[in-house]
Each structure stands twice: as structure tokens, then as C-alpha cells.
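First the structure, which I've put down as C-alpha cells, then a few questions once you've had a look.
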Amino acid sequence: MSAILQMSSARLVQALLVVLVIGLASFAMMQALPGDSAYRIAAGRYGYDVMDAQVAEAVRLELGLDQPVLQQMGRWLTQLATLDLGRSLVSGQPVWQEISGQLGASLLLACSAIVMSLLIAIPVGVLSGLNPGGKMDRLSMALSVSVRSIPAFALAVVLMLLLAVQFKLLPVAGYGEIRHLVLPSLALALSLAAVSNRVLRDIVVEAVASPWFQFSRTKGLSQAATVRRHVARNVAAPLVAYVGVQLALLIEGVVIIESVFSWPGIGHALVHAIFERDVPMVQGAALTLGLLFVALNFGVDLLCKLIDPRDRVAAS
Amino acid sequence: MFPKLLIALAIGITTTTLHAADARTDIRIATPWEISGSDPATDGFIFLRMGVMETLVSTDANGTLQPGLALSWQAAEDGLSWRFTLRKATFHDGSVLSSGDVAEALTRAADNPGPLNDAPISQISADGDDVIVTLDSPYGILPAVLTHSSTVIPASTSADETGESLNLIGTGPFKVDSLSVPQSMTTSRYEDYWGEPAKLSGASYLAVKRAETRALMAESGDADMVHTLDPSGYRRLGDVDSVQVQSVAIPRVMLLKMNAAHPLLDTPTARRALSLAIDREGIAAGIMRAPESAATQLFPPALQQWYDKTLPALQYSPEKASEMLASLGWTPGEDGILVREGERFSLTLRTFPDRPELPLVGAALQDQWRQIGIELEVSVSNFSEIPAGHQDGTLAVALYARNYASTVDPTGAVQSDFGVGGGDWGAMNWQAPEVAEAVSTIAASAESKERHELIRQVITQIHEDLPVAPVVWYQHTVATAKGLQGVVVDPLERTYGLQALSWSE
């Protein structure tokens, strides 16, 4: 138990550091970008048919962008201390209100993609690993390589053409119903599964070659029973750890997939906020993604501890 | 055998869904424009197009002013005030449209960016059932300005104490049921609409930034009306049986802005030479996929009063361009780039990717100008770099799209572009006081006898001096489902015409 407490407090310190570093770094990076931020914000708000220098100056005055940079930074930090992320410079809405909605959409997409990728990777990886060099193994190798070598954007368009346009089984894009979730999740899941099924396959191959596997077969257990009783748990720990590593890939993929499928998520919002120099939104979105990453890693650690009893056994 | 069975099954499912679609009464629209909130200054155009909110003055497809929420309007003898008489209408929450609501909404519009902000307004007030707009100087194009989407009238309850827009109560034929910023909105028919109620039961709006995705949505039937297709999507959809594509000339022009004080561009001869080296027909056919869209003068024929068919068309002649540059003392250097007294003919063009064709046209210009010995660097960035460069004087040339009919009458845009000192989206350092004077006279009076002659004078001088050189006139592309009846594409981009739409039996 104390191990978990120790781990939690370490992660908490990490989270605080992440907040500080991301907040300061994103502020500094936004300041360092070329171009006048009043012009960019005015551009984001009003579009090119209305925006001009006069509008940009009005925005500068309204938002106090002529104030010294340190003063602006200080204001953000004091706001943050009271858990206030401020308001979006473009839409005028509270940042947290905008992000909370987008975060839900992104989490939904990410979770559904992970579940779908495991549903693909586990059977394919286990079957390939149980019979290395077999038909299944070679086929999954070829498919994995080809899927992984297609950029996420192109894969998404191929899926749209096939499943939505050709067979009209699913909608091309949109948000709000379960069926809208399937195509973007599948596009992400295929990229993720293309790697994780190979990782899983290698772990299974290793397990099958291990003495304990041979022993359980020798004592008379069937292959299926051995896999269920012994291989599953041994394989689960490294697999969960690997899924943790994939989270970084997932967050990156979400940005592209969200924009292709018009999914109103946080990745999509972050890209827009950067273009529009919406500093509070960039800070808010980057913070949320950073903290999310810490939280998910914490979850992965906990899960690994739960699956792998060796530490607990050693402690007792 | 098995694959055949699968295909048959898929076709079976497809046809069943299509039959089901015939009974539909709503419509799904996909466009590239995201909804940022409910403020008329930033999102009024979406609420106007979707028939949620309305303006005092409306237009028909030809750009002729029509009664909107105002039944009639009248200027005072001295032209310093206008009286608008309102029609009887109710907001979606059941409250009656009052002159107070209108005065409040217009005052807010005049304080926010938009064409009403540029008008010489001193006060907007309610007078009984009428609304009075008081001016500092005559402004004949005021009714035309009141067709602009930033002047839509929401209920006054729509704003909080700070004037920030909170909800979406309008007077239009459709009321908002749900709004999910920035992507989607659903509306339903407003039964107590002052005019004829809509035939459709409702409409949904989805902002889809990527042109590829929008085209696929039209093809798969996920969207019944898709606005703004990229050239390849437009061609592809032309071959799809269930979809109808339309391309309509709109008063939007792709322009090349040239800094008239730049040492390489400070004579009309130099600017004309650059214009002569642009293969407009090639760009129109190859990039825009609409050969008829090559610009022959600044304003397109759709802007009837501002289009002069007697003007000689802008030509393409690299040979003549080279001769003109030679007459200015430019001679080819070792690498083929022109030089004069040790200076290279090298320019930077600013453009932006929000309209995907702009960087492509920028690259085409780079190639076409290279043939006459001009080195062009294309800088693709945020569009605000163009007004920023105009203000700090660092801009040499810029490529962008300009809408000359956001208020129906292009006078307002022409005045800000070619008036005194030029404009962020118009002339830069161009000395033409007589044009500025002519434009302000045109703006003051919408009906004077000399108006036509003054317009002629303005367009002729722009055509000869080329402070901006038009490249192509835009086509607005729309894909609609075949079963949809009553589709009219508004060249002014004010409305999607939802009120007149219905599904065929």
C-alpha cells in the first residue's frame, strides 16, 4: 500500500511541475512566434472579410495586449493559482468551459480507439505468437507494415471511401451519435493495433518458449488452458505498459484524425488556438493534455501493479 | 460467390436507406465555416444563412434591395437621417419585435467591427414603431449596409449586461434547437414566422473544415447540401448520380495587391508589366477548373453597375511585359533574373492557406513571373500578415480573395479599399485623390445622376493604374442531393435559401 502512496505523491509532484513548465513554455513560445498577436486574434475572431488594421487595434486595446509581457504572464499565474484558466481571447468564453466540452469528445474518441485497437491486436497478436512463422503471423506482419506505413490522414480517407461512400455503412463525419464514433476510432485503432499486435506477438513467442510454459504443457494442460491460466497474466503487464507508451502516439493521432473527421475535440481546438494566438486557450489545452498524460501514466502504473503480483508477494 | 453476396447485401442496404431518405423533411448542411459563438459580429453570417436571424433590409438574387424586417425606409431631405418602418414580426420566444430591439441590436453592430462601424452614424434610436438612424454626413448606401450579416436582429434578451451575446433568438423561419460550438447546430421550423413558413421541418449545420471530407459527405449522402468544394471534389461529384453540383459566379475576386511605393512597383508601367505576365486563363482553367472565371477587369459582371463591358480586357503577353520592363531599365542578369543598377527584381508575395487555391495560384505566379525574369518568393502565413504589412509598409505584393458584395452594394468596400490612403485589402501607397473623392461622392448618394459616370471614372483609373490586379473572379460551388427541390444558390452568399427547399416525392 505504501508503494502506491509513494507512487501517487511522486505523480502529484510531477503534475505540479508539468503545470508550471507547460504554462510558462507555452506562454513563452506564443510570445516568440512571429507576427502581431492583436492581428492574429482579430483574424481568428472576424475572418478575412471583416478583419483589418482598425479591428486589430480595437482588439489590442480591448485585451490589453499593449501591456508589458511580464505583467500579462503574472496575471495568468495569479489566475491559475485560483484555478481560473481565464477566457478565450477569440470567443470570449471561459477557457475551462470550452476545454471541458472538447476534452470529453477527445477522451471518448481516444478510449474507444484504444478498446478497438486491443480488440484487434489481442486475438491477432496471440494467434500469431502461438504459431510464429505460420500463415497468420506472416499475414499479420504484412498487414501491420502496410497499415503503419500509411499516414493517419490517408488511412482515414480510405476508410471513409470504403465504409461510408462505397458501402454506406457509416457516416463520413459528424458528432453526436455512436455511429459517428466508429470511423475515427477505427482509423486510430488500426494505426495503434498495427504496432501493438506485433509487440504482443513477440511477448507471446517469448512466453511460449519459456520453461514454465513447457512445464504446464508437460503436466498435461491443453494449449488453450495454458494460455488462459498462465500466458494471459504474463503477457498483460508488458502489454499494458506498451499501451501507456502508445498514449503519446494517440494524442498526436487525435489531432489529425479530429480535423479530418470534424470531431470537436481538444486537439482540433489546440491547432486553431495556436493559429489564432489565443494564448489562454493554448495554455489551457496544453495543460489539460499534459495533465491527462500524467494521469494516464499513473493509471497504467497502477494497472501494472495490479496485474503483476511479484512486488506485493516480495513485500509480504 | 461470397463476395458477390456481400456486394448484393450492401446494395440492398444502400437502396433501403435511399428509399427511407425520400420521406425526409429535414436537411443536413456541411460548410467549412465553424461557429465561434452567438455574437452577430463574428457569427451573424451563419445565423443569417441558416434563416435563424434576419436583417432590416434584404435582397433578391440580383442584389436588388427588398424589404426585410423593415417594410420601408426613407431618407430625410438633407440625407442626414433615415427612417425605417418595421413589419409585424415575433421572435422565436414569442415576444414581439420592437423598434427598441432593433435600435439596440444596430447600436451594438455599429460598435463592433463590420460595415456599419464604417458608416458615419451619430445615433440609432427608436421612434414609436420606427427606427431612426441619424448620420454625421449623407450616406446613401445605408440600406445596402443594413443587408450585411453583422446587422442581424437578435432579441434584446439575447445579450447580457456587458452586451455579450448569450442565446440565439431571432425572427427567421427557423429557430435554433441546439448549438454545439464550434461544429454543429440544429434548427426547426418556426411556425409563427411572419412570412410563409418553411416547407422543411428543420435543418442541421455541420462545420467541416476539410474540403475532401465535405465532398465525401456529399457523395455518401451524409450531407444534402455542401458548400465550397475544392476543384477536384467538384469534378468528382459531377459524376455522382445522386448529387447535383452547381457553380455560380460570385462578386468575390482573387486580387494581387501591389505596394505602389515599392521601388520595383512604383510606376504604372511596372505594375502593368507584372499583370501582363499573369496567365489568367491558365490559372482559371488549371487551378480553379472554371475557364470562364479568368478576370478581364477588377469587378465581375455580377456587379452590374461596377462592370464596364467597354473596358479592354486584361491581356496575357509575357513578351510585351518584358519590353515594358526593359523600357524601365531592367536587363536580364546572369541567372536570367532582371537587374537594374545592381538591384535584382526580387519580390516577396504574402498569401494564406484558408482558401486552398491561394498558395497554388501563388506558386503559379512564381513560375509565370520567372519567365520574364522576376524572382518571387511566396510566403504562406496567416492572412492578418497582409493588413499588418500594409500598416508597417513591409508588404510588396499580396494575393487574397476580396468579397465586394458583403453589403450588396460594393461602394462600402471600394471606399475602404481605394478611398483616401488606400486600404488594408486594397490600394497601398497609391496616389489617386480624384478616385478617393469620386468614391466618397458615390457613397454619399445612392441615386445621383453623376453616380454612373463617377463609377466609370473609378474603374477606368484602377484598370489603367493597377494598384491591385485582379486574377480570377470566384465561382461558388455547391453540391446538393438530387431529390432536393427549389435550390437557389445565392451569389451574394447571404442565404442558403432553406425556406424554399423541399424534398420531391
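The values are calculated or read from the model by the stated rules, or taken from the named source; none is laboratory data. None of these values were measured; they are calculated from a predicted model. Every residue, glycine as well, gets a Cβ built from its backbone with ideal geometry; the counts of neighbours run over all protein chains shown. Protein only, heavy atoms only, side chains kept; ligands, DNA and RNA dropped before computing areas. Shrake-Rupley method; radii C 1.70, N 1.55, O 1.52, S 1.80 Å.
Quick one: which helices (runs of 4 or more DSSP H) sit completely within region A:214-316 and have at least 3 residues that are touching a Pro at 6+ places or on another chain (Cβ under 9 Å) and not assigned by the TED database to the domain that holds residue A:14? Even if it seems obvious, please write down each step before you answer.
Working: elements: A:223-226, A:232-260, A:266-275, A:279-307, A:310-315.
Those helices (runs of 4 or more DSSP H) span A:232-260, A:266-275.
Given the options B:396, B:388, B:427, name the one that is within 21 Å of residue B:299 (Cα to Cα) and of a type outside the set (Ser, Thr, Tyr).
Testing whether each residue is within 21 Å of residue B:299 (Cα to Cα) and of a type outside the set (Ser, Thr, Tyr) leaves just B:427.
Still on this structure: Just name the residue that is nearest to residue B:39 (Cα to Cα) out of those in region A:37-72 that are open to solvent by 40 Å² or more (accessible area, probe 1.4 Å), more than 7 Å from chain B (Cβ to nearest Cβ) and in a loop (DSSP other than H, G, I, E, B).
Ranking the qualifying residues of region A:37-72, first place goes to A:66.
Does residue B:417 satisfy the criteria of being within 19 Å of the chain's Cα centre (by Cα), surrounded by 17 or more Cβ atoms within 10 Å (Cβ to Cβ) and assigned to a helix (DSSP H, G or I)? Talk me through it step by step, then tell me what you get.
On the way: within 19 Å of the chain's Cα centre (by Cα): yes; surrounded by 17 or more Cβ atoms within 10 Å (Cβ to Cβ): yes; assigned to a helix (DSSP H, G or I): yes.
So residue B:417 passes the test.
When the residues of region B:420-457 are narrowed to those that are in a loop (DSSP other than H, G, I, E, B) and over 19 Å from residue B:119 (Cβ atoms), which ends up farthest from the other protein chains (Cβ to nearest Cβ)?
Only one residue fits best here, namely B:449.
Determine whether region B:335-354 contains at least one residue that is within 14 Å of chain A (Cβ to nearest Cβ), part of a loop (DSSP other than H, G, I, E, B) and not aromatic (Phe, Trp, Tyr).
Yes: one or more hits.
Would a scan of region B:205-214 turn up a residue that is charged (D, E, K, R) and either modelled with pLDDT of 90 or more or not in a loop (DSSP other than H, G, I, E, B) (or both)?
Among the residues of region B:205-214, at least one is charged (D, E, K, R) and either modelled with pLDDT of 90 or more or not in a loop (DSSP other than H, G, I, E, B) (or both), which makes the answer yes.
Return the pairs, sorted by first residue and then second, in which the second residue is basic (Lys, Arg) and surrounded by 16 or more Cβ atoms within 10 Å (Cβ to Cβ), the first residue lies in region B:189-209 and is within 14 Å of chain A (Cβ to nearest Cβ) and in contact (Cβ under 8 Å) with a residue 40 or more places away in the chain, the beta carbons are less than 6 Å apart, and the residues are 6+ apart or on different chains.
B:204/B:28; B:208/B:214
Being under 12 Å from residue A:126 (Cβ atoms), among the aliphatic types (A, V, I, L, M) and without any contact (Cβ under 8 Å) to a residue 12 or more places away in the chain is the filter here, so list the residues in region A:211-235 that pass it.
Result: A:224, A:232.
Go through (1) closer than 20 Å to residue B:42 by Cα; (2) more than 14 Å from chain A (Cβ to nearest Cβ); (3) open to solvent by 10 Å² or more (accessible area, probe 1.4 Å) for residue B:146 and report which single condition fails.
Checking residue B:146 against (1) closer than 20 Å to residue B:42 by Cα; (2) more than 14 Å from chain A (Cβ to nearest Cβ); (3) open to solvent by 10 Å² or more (accessible area, probe 1.4 Å), the one that fails is (3).
Look at residue B:175 and say whether it is in contact with a strand residue (DSSP E or B) (Cβ under 7 Å, 6 or more places away or on another chain) and either modelled with pLDDT under 90 or part of a loop (DSSP other than H, G, I, E, B) (or both).
Taking the combined requirement at face value, the residue does not satisfy it.
Sticking with this one: In region B:391-400, how many residues are in contact (Cβ under 8 Å) with a residue 40 or more places away in the chain and at the interface with chain A (Cβ under 10 Å from one of its Cβ atoms)? Explain how you work it out, then say what you get.
The first filter runs over region B:391-400 and keeps only residues in contact (Cβ under 8 Å) with a residue 40 or more places away in the chain, leaving B:393, B:395-400.
Still in the running and at the interface with chain A (Cβ under 10 Å from one of its Cβ atoms): B:400.
Residues meeting the conditions: 1.
State yes or no: is residue B:187 under 21 Å from residue B:44 (Cα atoms), part of a loop (DSSP other than H, G, I, E, B), open to solvent by less than 30 Å² (accessible area, probe 1.4 Å) and of a type in the set (Val, Ile, Thr)?
So residue B:187 does not fit the description; no.
Somewhere in region A:22-36, is a residue without any contact (Cβ under 8 Å) to a residue 40 or more places away in the chain, within 13 Å of chain B (Cβ to nearest Cβ), assigned to a loop (DSSP other than H, G, I, E, B) and within 27 Å of residue B:39 (Cβ to Cβ)?
There is at least one residue in region A:22-36 that is without any contact (Cβ under 8 Å) to a residue 40 or more places away in the chain, within 13 Å of chain B (Cβ to nearest Cβ), assigned to a loop (DSSP other than H, G, I, E, B) and within 27 Å of residue B:39 (Cβ to Cβ).
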